[in-house]
Amino acid sequence: MEKLQNDTGMGHRLNGNGGVKNKIAYINDKAYVLQEGETVLSFVRRHLGRSHVPTLCDAPNLEPFGSCRVCSVEVALQPNGNTKTVASCHTPALGDSYIYTDTEKISRLRKNIIELVLTDHPLDCLTCEVNNNCELQTVAAQVGIRSVRYPEGKNHLDREKDLSHPYMTSDFSKCINCFRCVRACDEVQGEFVLSMAGRGFDSHIIKSDNTTFFDSDCVSCGACAQACPTSAISDVFESKSVGAQKKVRTVCTYCGVGCNLEVAVKDRKIKSIQAPYDAEVNQGHTCLKGRFAFSFYNHPDRIRTPLIRKNGVLEPASWDEAYDYIAEKLTAIKQHYGPDAIAGISSARCSNEENYLMQKFIRAVIGTNNIDCCARVCHSPTALGMQNAFGTGAATNSIDEIKHTDCILVIGANPTDAHPVTGAKMKQFAMKGKTTIVVDPRKTELARYATYHLQLKPGTNVALLNMMLYYIIQENAMDKDFIASRTEGFEEFKKHILNLDINQLESVTGVDKQLVKQAALAYAKAPNAMSFHGLGVTEHTQGTYTVMQIADLALITGNIGRKGVGVNPLRGQNNVQGAADMGCQPHQGAGYLNAYDPEINKQYETFYKTKIPFSKGLKIPEMFEASIEGNLKALWLMGEDVVQTDPNTNKVIAAMENLELLVVQELFLTETAKYAHVVLPGASFLEKSGTFTNGERRIQRVQKVVEPLEGTKSDGQIIVDIMNRMGYAQPDYDAETLLEEISQIVPFFSGVKWQELGDNGKQWPVAADGSDTKILHTDSFKRGKGKFHYFDFQESQELVKYGKDYPYIITTNRELEHYNAGTMTRRTKNVELLTEDTLMIHPADAERHFIKDGDMVCVESPRGKVDLKARITEEVKPGVLSSTFHFPEVMLNQITSDEHDTEAKCPEYKVVAVNIRKSKGKYKV
């Protein structure tokens, strides 16, 4: 009896055994298990490997297209039956069919196709030794071509190269019209920059309206260059990466999406970055920051030796001299003022292991809970709000589940700029006509494609979500079974909601109540609905309340605990989730264990073999207050530029200047480092190993690509060195060893092992047996039942106190080209794409103040003023302004306020009362 070939190599009887229910098909007369929905090509590749059937127009992250026919095979529907030649990439594989991959007929066909393609491509492709990225050369060799019988075609005519863009080039004399670049731009990024013009012999690729890369709408993601099989479109780095001596897989240092990168290295220097197709997070896609903005790692501005301030000037010093200076100062301050006179601020740009060491240093060596980081600064309302509602303060689902949902609600986030790979997936979702709800004061790119855009007044999230909840209850669109079985507090919550004055809330938010009703019911009635939120939710005085309302929406509609639903925060920095997980916050130690609980404290003391404090620690804004008041004497900053990024810059500077010791670990002399007493040169993500945890709880390996620049050290090694210098013995920094230590104290890391993380990592909680968790709250919540919370809307005190004299609201945002304070991206060619911060202003407001596009505008708040160049746009409503803080020439945070979320102390960057006037002020870019 014939045996069935399966994935494991084991055989099963085809007939009569009663145990095989799978459909089967035959490849070259051998039987194999067939999966639902497979194409002939995917079926063959799954069983015989990728190289068995050559392809040219096919790419792993693109839909089957069938233009080149190189992947042709013969198919028959019965043994020895008549065969039909088909393109295997888009032909469905049928049960009981017979597939022949390498018959004489197919071999002749493939060879002839490649010969014809080569006529439209430089004929030296067959012997080219320069461009080893050319797939056409590889396929030509695979099908056995040594020469071409046909005359040269159209592309041998001179074609002008496009060298306009700092990262992207094109030379269409190499183009074979495979459409891969067009499809990548459409299907992966959704930008539609590239298209085919002309017909027949004259067909050719164009950019936008036949313009250049630089002048087109290209967002520089590089998807077209990675897809191109001939380097007709390429990265500017690509030719330099020929002959790379190694390629190292690591994780991007920018936003919290957690894209995997494949870094090419030659002569111990980084030559190029691409995205691996098998990455679960980004599937062969990155944004321009991940793919191109890496040249900062060896920029001339990198600090390459410790610096100590002497006579008011930062002077070079040895590592021993710097460590001795710090240890003596910290010891003296601790002895004279007590450990609570010292504080530390950790970094969401550093690895889990480095953040873990930082909080361990502050707690176990210094003896205080004065430890915080930007994870708590920007997303603490997320953690606190979701913990109150569900018991766990992290994303409930995976981003890739957008494929399995029917509705997305995006509130307070601009993912196409701030989380571009995730944003591209959302944009694709919206462009396909699926229900997309955007709640944002700005008309973001995603809002332009949304089914419903609720363009509310900044700071009124609570009012608008109360309206949505009102209509869901009023229209009886709740999931009553879910509410009854898995939640508590609903009846009391319902009473408050139904007592709301909807007309008043309509006035408060500035959003038509009927539009809100339509959006609310669309979310409630969708079979599956996912919500995503960002800093436009958390950076408000009612940020924590808003997060709990988003949880209310999920609970009231039963959109929690299964695939394609849930509440999913979009993390702004690469390791925001991980820094919080590791205990870089005063009230919670590693693993979110209560740092103020005496019983928990005993666990930490046993584990760290020293006394651990459980007195109340300071959050970052409280650290600044304590310094100004003279109670905080020393501050250690690891990779944070608080002077440029924290609100009310002048107050932050005053806090820095009042310290007896400010230690800064950094790559560059940032605005904060300029005030330091000691600066210690750290290493970039490309120069060290560790793990990052992305916004979907995915713990991924960051692997050292090159050695640290001479004179620099990894941030983890710096912390280890000072711990040893102060008498707390620690081995040298090693990511694998530290991850093992973390797994012993952080409950949801218990089964995390370096070697078992593989290429795609694991999503916590990871059980002791190594199994991870894709979806949270499937059967129950950590707190038992999900809890409803009701909150009344309250206007920000910023507007209550200053709104009369400062009638405009400015809200901060990010742009695609730069990252946060721009410390890294401003030291790459990204500055050629975006050169300055600008002020978004509505045309009506501009006209009222006689401001024209490009004019300088003075923006003044009760705390100071800045000058910004006007960008007149209807992206904002009248009365609302928006800008970024990427460039220190502006220092936008001079005007932002001290207002914070009432519960989590997250700064209110999104509502700042200002006035504007036309200005003659300028700043140097």
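Values for this structure:
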quantity: From phi via Karplus (6.51, -1.76, 1.60), per-residue ³J(HN,Hα) for segment 671-676 in Hz, x at Gly/Pro; calculated: 4, 6, 4, 5, 9, 6
quantity: Folded to 0 to 90 degrees: helix 715-725 orientation relative to the chain principal axis, Cα; calculated: 40
quantity: Modelled FRET efficiency - R0 56 Å, residue 451 with residue 674, Cβ distances, 0.05 increments; calculated: 0.70
quantity: Bins of 20 Å, starting at 0 and running to the largest distance - Cα pair percent for the chain; calculated: 13, 43, 34, 10, 0
quantity: Out-of-range pairs (alpha-carbon distance over 25 Å; input 310/674; 434/563; 563/785; 513/910; 609/762); calculated: 609/762
quantity: Euclidean distance of C-alpha centroids, segment 832-910 and segment 590-638, integer Å; calculated: 36
quantity: Cα gyration tensor shape for segment 398-564, rounded if a/c is under 1.5, else prolate or oblate; calculated: oblate
quantity: Exposure proxy ranking, count of Cβ atoms within 10 Å, fewest first, for 538, 509, 83; calculated: 83, 509, 538
quantity: Hz values of 3J(HN,Hα) by residue in segment 614-630 - Karplus curve (6.51, -1.76, 1.60), Gly and Pro given as x; calculated: 10, 7, 5, x, 8, 7, 3, x, 6, 4, 5, 4, 5, 5, 4, 7, x
quantity: Charge tally in the Cβ shell below 10 Å around residue 679, where Lys, Arg are +1 and Asp, Glu are -1, residue 679 excluded; calculated: +1
quantity: Burial ranking of peptide ranges 568-576, 800-808, 256-264 (average Cβ count within 10 Å, highest at the top); calculated: 568-576, 256-264, 800-808
quantity: Inter-probe distance in nm under a simple model that places probes 7 Å from Cα toward Cβ, at residue 797 and residue 474; calculated: 3.3
quantity: Gain on full stretching of the segment that runs from residue 518 to residue 29 - 0.36 nm per residue minus C-alpha separation; calculated: 170.4 nm
quantity: Size-normalised alpha-carbon gyration radius of segment 122-297, reference 2.2 N^0.38 Å; calculated: 1.06
quantity: Pairwise centroid distance, computed over Cα atoms, of segment 255-309 with segment 777-823, Å; calculated: 31
quantity: Tilt relative to the chain, helix 735-745 - C-alpha long axis, 0 to 90 degrees, to 10; calculated: 60
quantity: Helix 513-525 axis, angle to the chain major axis (alpha carbon atoms, nearest 10°); calculated: 60
quantity: Counted charge near residue 611, where neighbours are those whose Cβ lies closer than 10 Å (Asp, Glu -1; Lys, Arg +1); calculated: +1
quantity: Three-way shape label, segment 540-689, alpha-carbon gyration tensor, a/c 1.5; calculated: prolate
quantity: Ranking of 500, 330 by count of other Cβ atoms within 10 Å, fewest first; calculated: 500, 330
quantity: Among 860-870, 578-588, 29-39, the order from most to least packed when residues are scored by Cβ within 10 Å on average; calculated: 578-588, 860-870, 29-39
quantity: In order through segment 663-670: 3J(HN,Hα) via Karplus (6.51 cos²θ - 1.76 cosθ + 1.60), integer Hz, x for Gly, Pro; calculated: 10, 10, 8, 7, 8, 10, 7, 6
quantity: Gyration tensor (Cα) of segment 24-102, equivalent ellipsoid semi-axes in angstrom; calculated: 19, 13, 11
quantity: Translational diffusion coefficient (Stokes-Einstein; Kirkwood radius from C-alpha pairs) of segment 212-321 at 37 °C, 0.692 mPa s, in µm²/s; calculated: 202
quantity: Residue order, fewest to most beta carbons within 10 Å, for 50, 827; calculated: 50, 827
quantity: Distance from segment 342-403 to segment 503-540 (C-alpha centre basis), Å; calculated: 28
quantity: Theoretical gain in end-to-end length, residue 305 to residue 488 [0.36 nm per residue, Cα-Cα removed]; calculated: 60.1 nm
quantity: Gain on full stretching of the segment that runs from residue 785 to residue 628 - 0.36 nm per residue minus C-alpha separation; calculated: 52.1 nm
quantity: Stokes-Einstein D in µm²/s, Kirkwood radius over Cα pairs - segment 797-919 at 4 °C with 1.567 mPa s viscosity; calculated: 87
quantity: Amide H partners (placed H, <5 Å) of residue 233, local residues excluded; calculated: 171
quantity: Built amide H within the under 5 Å cut-off of residue 532, gap 5+; calculated: 409, 410, 411, 568
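Readers should treat all values here as calculations from the given coordinates under stated rules, not as data from a laboratory. Model, not experiment: these values are computed from the prediction. Cβ atoms come from the backbone with ideal geometry, glycine included; neighbour counts cover every protein chain shown.
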